Structure formats: structure tokens, C-alpha cells
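The block underneath contains the structure these notes are about, expressed in C-alpha cells.
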Amino acid sequence: MNKQSGFTLLELVIAMAIFALLGLASWGLFDGVVRVQRGTTAHEREFRSLQRAVAVIERDVLHATDQPVLLQQSVLQLQRSHWRNPLDQPRSERQLLTYRLDNGTLWRESQGEGVPSVQRQKLLGDVRDLSWRVFDAQSGWSSDWPSGRGVKRPMAVEVQFSTGRFEAIRRVLLLPGALP
């Protein structure tokens, strides 16, 4: 009798083919997980920048002063108070804020009362569309709001924009003193 000690060539080829199939399946699964993670990370980054931009706008509208609001096409201008002063410098707490869309980027321009320089902050990139409206109890929603003396302040501000993978974001923000 002939006793074999080891594997035949056919057994080795079958074992290698099984391990190769398992390796290919594992690689495909790993590649899919990595692609989903990259997509999720990009989506999360876009969502966080969107949340940050909306939070800045909400904070500014929440601290809007009684000064008139100026709204022309895609530019909103208002004055806010409670400007943080962590260094306790002698300056006003009021800022003139302007939001404008420039080449697909939403900019926030701020100028302190009595300060000659304007600070420009990039709020959001890849903005395809931006529209502002204000609400007044007598005239309803309006896309233009006049400025000047004797013009009363609206009750609410609406911002609507589309950016990145977010098609239509709409926020309605009450101005201080809008509710009795």
C-alpha cells in the first residue's frame, strides 16, 4: 500500500481558489465600507458648516437692535447689539452687519460702531441660490424693505438658500420685540 503524506496538487489548487475568493470578497466589502465612510464624512462636514452658518445668522437676528433693517435683492443689512468683548476693550457693543452672496459664497460683513474697518467672514460656500424676505403684519412677506427714518422694523426675517447637496433650506427668524 502506498501511504500519502501531504496534499495533492488538486487539493492545493482548490484551497488556493477558495482563499482567493474569500480575499476578493473581503476586499470588496472593505472598499465599500471605506467609500461609505468618505461619503458620510463629506456629508457631515457640509452639514456642520451649514449648521454653523445658520447659527450665526440666528444669533445675529436674535440680537438685532431697533435700527431699521435694509433688504435689497440678496443683501440683508441690520444692526446688532451684544457684540462680545472678551478683552474688555473700550468700544461699542453694536455692529452693523451685512449678509451678501458673492460668487457662490455667503459672506458676513461686520463693522463695529466707530470702527473704520470692516471684517469679512465666509459663512458658507457653494451657495447656488439665496433669498431673503421680511414679514410685516400689514404688508405680509416682502423681498424688498426700505430703510431710513420713520420706517418701522419688520417682525420676522426669512432666509432661503440651497447649497451643496441641500436643495432648499428655509429658516424663519423672529426679530426681538416681534411678539407682544
*Go through the residues of the stretch 34-53 one by one and say whether even a single one is touching a strand residue (DSSP E or B) at 6+ places or on another chain (Cβ under 8 Å), charged (D, E, K, R) and either more than 23 Å from Phe161 (Cβ to Cβ) or not in a helix (DSSP H, G or I) (or both).*
no
*Residue selected from the stretch 110-131 under the condition assigned to a strand (DSSP E or B) and under 21 Å from Ser81 (Cα atoms), by the criterion modelled with the lowest pLDDT*: Gly112
*Could you grab me the full set of residues in the stretch 96-109 that are in a strand (DSSP E or B) and in contact (Cβ under 8 Å) with a residue 24 or more places away in the chain?*
Leu97, Tyr99, Arg100, Leu101, Leu106, Arg108
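Residue-wise test of (1) at pLDDT below 85; (2) farther than 15 Å from Ala53 by Cβ; (3) over 12 Å from the mean Cα position of the chain (by Cα); (4) surrounded by 14 or more Cβ atoms within 10 Å (Cβ to Cβ).
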{"site": "Ser139", "(1), (2), (3), (4)": "yes, yes, yes, no"}
{"site": "Pro146", "(1), (2), (3), (4)": "yes, yes, yes, no"}
{"site": "Arg153", "(1), (2), (3), (4)": "yes, yes, yes, yes"}
{"site": "Ala156", "(1), (2), (3), (4)": "no, yes, yes, yes"}
*Scan the stretch 111-134 for residues that are buried (at least 16 other Cβ atoms within 10 Å of the Cβ) and aliphatic (A, V, I, L, M) and jot them down.*
Leu123, Leu124, Val127, Leu130, Val134
_Identity of the residue in the stretch 54-93, buried (at least 17 other Cβ atoms within 10 Å of the Cβ) and at pLDDT below 80, that ends up farthest from Met155 (Cα to Cα)_ = Ser74
*Cβ-Cβ under 8 Å pairs, at least 6 apart or on other chains, the stretch 50-76 side aromatic (Phe, Trp, Tyr), far side part of a helix (DSSP H, G or I)*: none
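The values are calculated or read from the model by the stated rules, or taken from the named source; none is laboratory data. Note that this is a predicted model, so its numbers are computed, not measured. Neighbour counts run over all protein chains shown; Cβ positions are idealised from the backbone, glycine included.
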